[in-house]
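Below is one structure, written out as structure tokens; the observations come after it.
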């Protein structure tokens, strides 16, 4: 098969090799997917730049997310899955071979049914962003009837979190960084949207929550927002965060959190319990089947331009997901 890989850490143009390698074969409990579309996420670029898993594997095919058709199954997998349209999650997480190739092998539970009304491009958008959104919302129980604040509501994770929270019965307050993106989040169903560069977020949130704050806050920028969080979240609420890129070692106003009994949950989806992953796949699948999730593609590259796709993630403020068309399948 044709594939991209790297054997040392660094910038994509410096470390990527493109060539032919043998087709992978599915082992017990695994499926092989003929990849139609691969997605590039920030986590894929960080893994390659840092060489995060090169100590475990000599050669890594990048990219965690993608979509395609199952063409082979291993022992213990129902043969009826061959021909199934699927979206993938975490193909390269703690594994050597991701979706930047014509074929990819994953545990069968990591290949979820893609409804016929969803394109392969839409399926490739899901993976990391959708599962992150689900975990951020549901790690600490049901959200029906709660008020949830989603920072970065127009981002890859935030837009899925906004849609899932509304589908789950929550009142949604979201933030975005431009008028265009604020309007976008409103169209996703958010009940209130605030411009975090212009609005006094604390006063606006307290105003729409009758002064008590939100039940849960889903945060993309922990270091930037942690100082204000105790004012935004009600007593005994939760702050759940999946990123703090700007501040890797932020200062936490401990007493402000302690006196309001606010819990803080930082998390990585790759360390989620397996039952939580399965639950996320199931609920995302239900929402897809009901047409409750929309997707936003920022840019699409041909397979020959995988390096450009990686560079676009690192150099541009993309409004949506970066995709790579690997092959025409189905």
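The values are calculated or read from the model by the stated rules, or taken from the named source; none is laboratory data. Predicted model only: the values in this text are computed from it and were never measured. Note that we place each Cβ from the backbone using ideal geometry, even for glycine, and neighbour counts take in every protein chain shown.
What number of residues in segment 53-98 are crowded, with 24+ Cβ neighbours inside 10 Å and either more than 22 Å from the chain's Cα centre (by Cα) or within 18 Å of residue 123 (Cβ to Cβ) (or both)?
Selection size over segment 53-98: 12.
Could you tell me how many of the residues in segment 246-283 are part of a loop (DSSP other than H, G, I, E, B) and in contact (Cβ under 8 Å) with a residue 60 or more places away in the chain?
2
Would you check if residue 224 is crowded, with 16+ Cβ neighbours inside 10 Å and either touching a helix residue (DSSP H, G or I) at 6+ places or on another chain (Cβ under 7 Å) or part of a loop (DSSP other than H, G, I, E, B) (or both)?
Considered against the rule, which asks whether it is crowded, with 16+ Cβ neighbours inside 10 Å and either touching a helix residue (DSSP H, G or I) at 6+ places or on another chain (Cβ under 7 Å) or part of a loop (DSSP other than H, G, I, E, B) (or both), residue 224 comes out as no.
From 210, 245, grab the single residue that is at negative phi and surrounded by fewer than 21 Cβ atoms within 10 Å (Cβ to Cβ).
Exactly one residue qualifies, and that residue is 245.
Is it the case that some residue within segment 67-80 is within 23 Å of residue 327 (Cβ to Cβ), assigned to a strand (DSSP E or B), in contact with a strand residue (DSSP E or B) (Cβ under 9 Å, 6 or more places away or on another chain) and in contact (Cβ under 8 Å) with a residue 60 or more places away in the chain?
yes
Report whether or not residue 132 is part of a loop (DSSP other than H, G, I, E, B), crowded, with 19+ Cβ neighbours inside 10 Å and modelled with pLDDT of 95 or more.
no
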